[in-house]
Amino acid sequence: MHGAGHNLSCQLQNCGRFTEGAGRCAGGEQCEQMWALLKALAARLRFMSPDRRQDLLSCKFADIQEHKHEKLVQHLQATVKKTIELKSGYQQELAKIQQGALADGIEVEDAVQSFVSCHLSARSEEDLPWEGASWRRAE
């Protein structure tokens, strides 16, 4: 699915980025990525017998799987490191905002409740285009 080519409600309903349990970077282009990896074989596959075509595709898919498996640990380590760095930065930014709010005499919890009541309570949960939104308040 070419997510950016679809309207927002379609993206929220079908795009991997907004699907609960899907990876954060599931951009919907997995099929295109697979075809790109197989593109070099197209000319040879065209003239092969079905048995040989299946053998070649099986070998190529096994190679792709092995390559992805080798890179998975490195990718996860880099992702964890980046996530920790982002979390630290966000915590520092949040602390600055909270200190500024307290210095101005603003109660943070009151400001959050005001924001939620102003921006989120105007819509019912049934109006939301996706299921299981993690930000919903517990009843």
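The values are calculated or read from the model by the stated rules, or taken from the named source; none is laboratory data. Please read these numbers as outputs of a predicted model, since none were measured by experiment. Methodologically, a virtual Cβ is constructed for each residue, glycine included, from the backbone with ideal geometry; neighbour enumeration extends over all protein chains shown. What goes into the accessible areas is simple: the full protein's heavy atoms, side chains included, and nothing from ligands, DNA or RNA. Shrake-Rupley method; radii C 1.70, N 1.55, O 1.52, S 1.80 Å.
Quick look at the numbers
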| item | result |
| --- | --- |
| Matching entry among Gln98, Gln91, Gln74 (being modelled with pLDDT under 90, part of a helix (DSSP H, G or I) and surrounded by 11 or more Cβ atoms within 10 Å (Cβ to Cβ)) | Gln98 |
| Scope the range 1-55; condition among the aliphatic types (A, V, I, L, M), outside any helix (DSSP H, G or I) and modelled with pLDDT of 80 or more; matching residues | Met48 |
| Yes/no for His69 being within 30 Å of Gln30 (Cα to Cα) and either of a type in the set (A, V, I, L, M, F, W, C) or loosely packed, with under 10 Cβ neighbours inside 10 Å (or both) | yes |
| Residue selected from the range 108-125 under the condition modelled with pLDDT of 55 or more and open to solvent by 90 Å² or more (accessible area, probe 1.4 Å), by the criterion nearest to Gln11 (Cα to Cα) | His119 |
